[in-house]
Each structure stands twice: as structure tokens, then as C-alpha cells.
Amino acid sequence: MKIVLATRTDIAGMTMLMVRSPLLHRYGVTSAIARRVLLEGIRERDLVLVALEDGDVAGLAWTVVTRALDRAAYLRLLLVAEGKQSRGLGAALLVEAERRARATGCRHLVLLVTTTNRRARAFYVRHGYRHVGNLPGFVRPGIGESLYVKTWAPKR
């Protein structure tokens, strides 16, 4: 497995990964929507990473780097293919996303997790994220989101 910056050639694999996700199905993600937002993210120079296994997209981490909120980056999406979860792929993507965000000068990484997704919430806590609050209906009516943050010590 290798983790690299996504390019336009990875769009089809990332789109398929998003469309096959039961979680993203709840958010109404279609192939057309996934393709459009992924192309936008790459065009806007978001930090979109893909995990490749035997040339196939097995996971992705999508981070938006910003100077807002005291130089916070926003982890828009961390997704691992069904059947490839619980093997360290998500953790590797998260570590690389954090490393690259921090290298750009970000001091925090923030993310939203569906409130009912206990497995993901526990995952982020294990990786040093702190739950800071809930945002009911923030992304989609009827779906609650939990906000998490991880802060790094300032570089000296």
C-alpha cells in the first residue's frame, strides 16, 4: 500500500469508493456529485490523498487547508473501502493527512463525524482528537454531526 497525492487519474477510483460507501449513501452522494466535488477539490488544491493497493484506490483522505480558526485544517472525508477496514489503512491516511497539514503551518485539524457513527468516533479519540460539541442537522437535516479537534504544539 502506498499513500500519494490524488490526481485526475484517480477520480474514477475515488468516485467508486464514495458511491459504494453506505455512510455517504445517507448523504445522497451519487457518482455525478462525487466526481464533481472531487474534481473541484483537486482544482482548488485541497490536500486529497489516496491509498493505493495493487493500483486500486483503497482509501482516501481529503483535507482542506485554511488559515481560519487559528490555522485549522478541515478533514472533509476519510474513507476506506468496504472489506479493507480495520487493517490500519485509515490510521495511515489520517497520520499522513495530519503530517501534511502540519507541514503547511496548520495548528489544528478539525472534523465532523456522524453522531451515530460510534466506530469512527472511537477511532478519532484513539488518535488524539477531542470531542468539542454536536451540530444536529448541520450537514443534512435529520443527521447529527459531532465536531472533533486535534491541536499540535506550536513549532519552535
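The values are calculated or read from the model by the stated rules, or taken from the named source; none is laboratory data. What you see is a predicted model; the values in this text were computed from it and never measured. Every residue, glycine among them, receives a Cβ derived from its backbone with ideal geometry; neighbour counts consider all protein chains shown.
Summary of values
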quantity	calculated
Output for the stretch 8-29, where each listed residue is among the β-branched types (Val, Ile, Thr) and in contact with a helix residue (DSSP H, G or I) (Cβ under 7 Å, 6 or more places away or on another chain)	Ile11, Thr15, Val19, Val29
Extreme residue, farthest from Ala92 (Cα to Cα), among residues of the stretch 1-41 that are basic (Lys, Arg) and loosely packed, with under 12 Cβ neighbours inside 10 Å	Arg8
Failed item in (1) within 21 Å of His127 (Cα to Cα); (2) in contact with a Ser or Thr (Cβ under 8 Å, 6 or more places away or on another chain), with Asp46 passing the rest	(1)
Among the candidates Ile3, Ile33, Ile11, residue that is in contact with a Lys or Arg (Cβ under 9 Å, 6 or more places away or on another chain) and either farther than 28 Å from Val132 by Cβ or touching a residue at least 60 places away in the same chain (Cβ under 8 Å) (or both)	Ile11
Helices (runs of 4 or more DSSP H) contained in the stretch 1-82 and holding at least 1 residues farther than 19 Å from Ala101 by Cβ	11-19, 22-26, 31-43
Among the residues listed as Gly105, Gly133, the single one being surrounded by fewer than 19 Cβ atoms within 10 Å (Cβ to Cβ) and either modelled with pLDDT under 90 or assigned to a loop (DSSP other than H, G, I, E, B) (or both)	Gly105
Verdict on Tyr148 being among the aromatic types (Phe, Trp, Tyr), assigned to a helix (DSSP H, G or I) and either buried (at least 18 other Cβ atoms within 10 Å of the Cβ) or touching a Leu at 6+ places or on another chain (Cβ under 7 Å) (or both)	no
Options Leu93, Leu52, Leu39: the member that is touching a residue at least 24 places away in the same chain (Cβ under 8 Å), under 24 Å from Val149 (Cα atoms) and not hydroxyl-bearing (Ser, Thr, Tyr)	Leu93
